Amino acid sequence: MSWNAWLPKRGGLSCFGGANPQTDVVRQMATMLKNTQQRAATAAMKEERARDAALAMREYEAEKLAVRAKTERLRTLRLAKEAENRQRTKTTNQRRRIADPLRT
């Protein structure tokens, strides 16, 4: 008799994956349950990512709007200051001309 005569034959009943219909059904159900749970977890992660993306986009748009408003305000202040400086320079030059008529 050979050494492998005592091992179960393929397809026989075995605790190592034999053809037991009850264990096959249990495995199939466990696999289906795991697949369902994985799908649900994946769907939840996708929904969470979508919510995070939407929130990030809203924050980005709000920040962009704030930067635009601040830039416009600063531009207005700069233009007003430049106009004031031009006016001051113009007035100063006129005073100099009045004070020193020989100077050209």
Failed item in (1) more than 34 Å from the chain's Cα centre (by Cα); (2) surrounded by 10 or more Cβ atoms within 10 Å (Cβ to Cβ), with Ala99 passing the rest: (2)
Qualifying positions in region 35-76 - modelled with pLDDT under 95 and of a type in the set (Lys, Arg): Arg39
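The values are calculated or read from the model by the stated rules, or taken from the named source; none is laboratory data. In this text the structure is predicted, and so the values were computed from the model without any measurement. Reconstructed Cβ throughout: ideal geometry from the backbone, glycine too, with neighbour counts over all protein chains shown.
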